[in-house]
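The values are calculated or read from the model by the stated rules, or taken from the named source; none is laboratory data. Model, not experiment: these values are computed from the prediction. Note: ideal-geometry Cβ built from the backbone for every residue, glycine included; neighbour counts use all protein chains shown.
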Ligand code: MTE
Ligand code: MO
């Protein structure tokens with residue numbers, strides 16, 4: 001069994017698939033912490049978790065002027081300054097279950113919690129590439145940086161993905177070869193001993209158990225770069241889809257969802273107010289500037305209070321423009337309308353580019369169920 005060496009996992013996780021392991025935390029606890037504890041951080045594995053000996057570990061780098069580089073874990077840690085960022089990771093399939101309700105899609109049936117926020121520490125990818133000979137000569141030809149994991153399928157094919165060269169080498173890109181998550185060694189599920197963290201970019205490019213980096217004129221040839229994680233028209237079906245016709249997802253669109261109260265619960269009318277909580281995040285380093293909340297299905301709106309740290313801690317300093325990698329948690333007490341029979345709670349976020357979420361799912365439906373970011377709605381009974 002290729003899955004015989006899987007790590008133990010937190011019992012609170014809601015399992016989507018066991019082999020490979022895919023799970024999300026209960027939505028109700030996701031917004032309890034600004035920094036998601038690693039044990040409940042969502043886990044998305046395509047293959048068995050590889051067990052890597054840190055002493056034997058080598059990171060290979062190809063495509064630079066000096067030939068192939070082979071770097072040990074201690075070299076990575078000692079040769080390059082340690083850089084720390086707080087960044088949210090979101091799977092392209094987050095909220096896929098809402099697309100499934102419109103019309104069936106292919107993929108894991110994620111709820112609203114295939115997204116989490118952590119601090120990540122490691123070497124800047126930029127520093128590593130420059131150190132080993134990245135310069136104008138390489139830059140003139142290369143367009144992409146490819147990553148390969150140490151996790152392999154039965155045919156020996158590794159997980160792989162790539163990102164645009166600019167994102168990888170720019171000073172503002174903040175791409176890390178991370179060896180710590182929330183101040184500790186990366187857990188096995190999150191890529192021990194080294195993963196790429198590409199802040200602002202879809203989870204799929206944040207390659208775990210990183211074995212190889214290739215600076216190239218081409219994107220990764222992997223299935224996950226070429227024939228998956230792409231968006232299509234609602235009119236495209238499996239008979240007509242041409243994966244070559246769409247670009248690979250990199251930056252993600254504006255997103256928000258309600259974590260509290262939970263669907264199907266009821267609210268006591270005599271409380272007069274209902275407390276609503278959730279998260280909001282946008283890709284590409286675009287900062288969430290506002291979250292609007294309605295309890296009457298979108299007829300009237302209220303502006304939520306945004307939070308950038310854990311309760312009791314000082315708010316985080318505002319990020320430099322274009323480098324807002326972390327989510328915002330939000331909260332608001334909304335008066336219960338007098339003659340309401342039920343509550344339909346709705347949230348929608350706005351980012352620094354004034355991008356907003358679409359109001360319904362159907363017009364953004366796509367056969368893979370990715371990029372699901374319509375207004376999130378939760379219906380509650382009043383008692
Ligand atoms: N890297 C490797 N090597 N293997 C994988 O299966 N899954 C990707 C990405 N990196 C994956 C990977 C996907 S689709 C996502 S959403 C994120 O890892 C999930 O990261 P997490 O498990 O740390 O939350
Ligand atoms: Mo993903």
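Scanning the stretch 22-33 for residues that are surrounded by fewer than 20 Cβ atoms within 10 Å (Cβ to Cβ) and touching a helix residue (DSSP H, G or I) at 6+ places or on another chain (Cβ under 9 Å), which turns out farthest from residue 277 (Cα to Cα)? Applying the filter and picking the extreme gives 26. For the stretch 87-97, the set of residues classified as away from ligand 1 (no atom under 15 Å from the Cβ) and either under 30 Å from residue 318 (Cβ atoms) or crowded, with 20+ Cβ neighbours inside 10 Å (or both) is empty.
Residue by residue, here is whether (1) closer than 17 Å to residue 112 by Cβ; (2) touching a residue at least 24 places away in the same chain (Cβ under 8 Å); (3) in contact with a strand residue (DSSP E or B) (Cβ under 7 Å, 6 or more places away or on another chain) holds:
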| site | (1), (2), (3) |
| --- | --- |
| 258 | yes, yes, yes |
| 261 | yes, yes, yes |
| 272 | no, yes, yes |
| 279 | yes, yes, yes |
| 284 | no, yes, yes |
| 290 | no, yes, yes |
| 306 | no, yes, yes |
| 314 | no, no, no |
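Give the residues of the stretch 39-80 that are in a helix (DSSP H, G or I) and within 16 Å of ligand 1 (Cβ to nearest atom), sorted by residue number. Those that are in a helix (DSSP H, G or I) and within 16 Å of ligand 1 (Cβ to nearest atom): 39, 40.
Among 145, 196, which is the only one that is within 16 Å of ligand 2 (Cβ to nearest atom), in a strand (DSSP E or B) and in the same structural domain as residue 21 (by TED's automatic domain parsing)? Testing whether each residue is within 16 Å of ligand 2 (Cβ to nearest atom), in a strand (DSSP E or B) and in the same structural domain as residue 21 (by TED's automatic domain parsing) leaves just 196.
One residue alone among 340, 326 is closer than 23 Å to residue 25 by Cβ and surrounded by 12 or more Cβ atoms within 10 Å (Cβ to Cβ), and that residue is 326.
Does residue 112 satisfy the condition of being crowded, with 21+ Cβ neighbours inside 10 Å, more than 13 Å from ligand 1 (Cβ to nearest atom) and under 18 Å from the mean Cα position of the chain (by Cα)? So residue 112 passes the test.
Scanning the stretch 112-121 for residues that are assigned to a strand (DSSP E or B) and either within 16 Å of ligand 2 (Cβ to nearest atom) or touching a helix residue (DSSP H, G or I) at 6+ places or on another chain (Cβ under 8 Å) (or both) returns 115, 116, 117, 118. Within the set 67, 63, the sole residue that is over 22 Å from residue 203 (Cα atoms), modelled with pLDDT under 95 and in the same structural domain as residue 181 (by TED's automatic domain parsing) turns out to be 67. If the condition is being within 14 Å of ligand 1 (Cβ to nearest atom) and either at positive phi or part of a strand (DSSP E or B) (or both), then the stretch 213-257 contributes 213, 229, 230, 248, 255. When we screen 189, 174, 185 for residues that are within 16 Å of ligand 2 (Cβ to nearest atom) and either modelled with pLDDT of 95 or more or outside the structural domain of residue 38 (by TED's automatic domain parsing) (or both), the only hit is 189. For the stretch 66-86, the count of residues that are over 22 Å from residue 187 (Cα atoms) and buried (at least 19 other Cβ atoms within 10 Å of the Cβ) is nonzero. From the set of residues in the stretch 156-176 that are within 9 Å of residue 125 (Cα to Cα) and over 16 Å from the mean Cα position of the chain (by Cα), which is surrounded by the fewest Cβ atoms within 10 Å (Cβ to Cβ)? My answer is 169.
All conditions but one from (1) within 13 Å of ligand 1 (Cβ to nearest atom); (2) surrounded by fewer than 19 Cβ atoms within 10 Å (Cβ to Cβ) apply to residue 36; the one that does not is (2). Out of 203, 173, one residue alone is out of contact with any strand residue (DSSP E or B) (no Cβ under 8 Å at 6 or more places or on another chain) and either within 16 Å of ligand 1 (Cβ to nearest atom) or closer than 19 Å to residue 90 by Cα (or both). It is 173.
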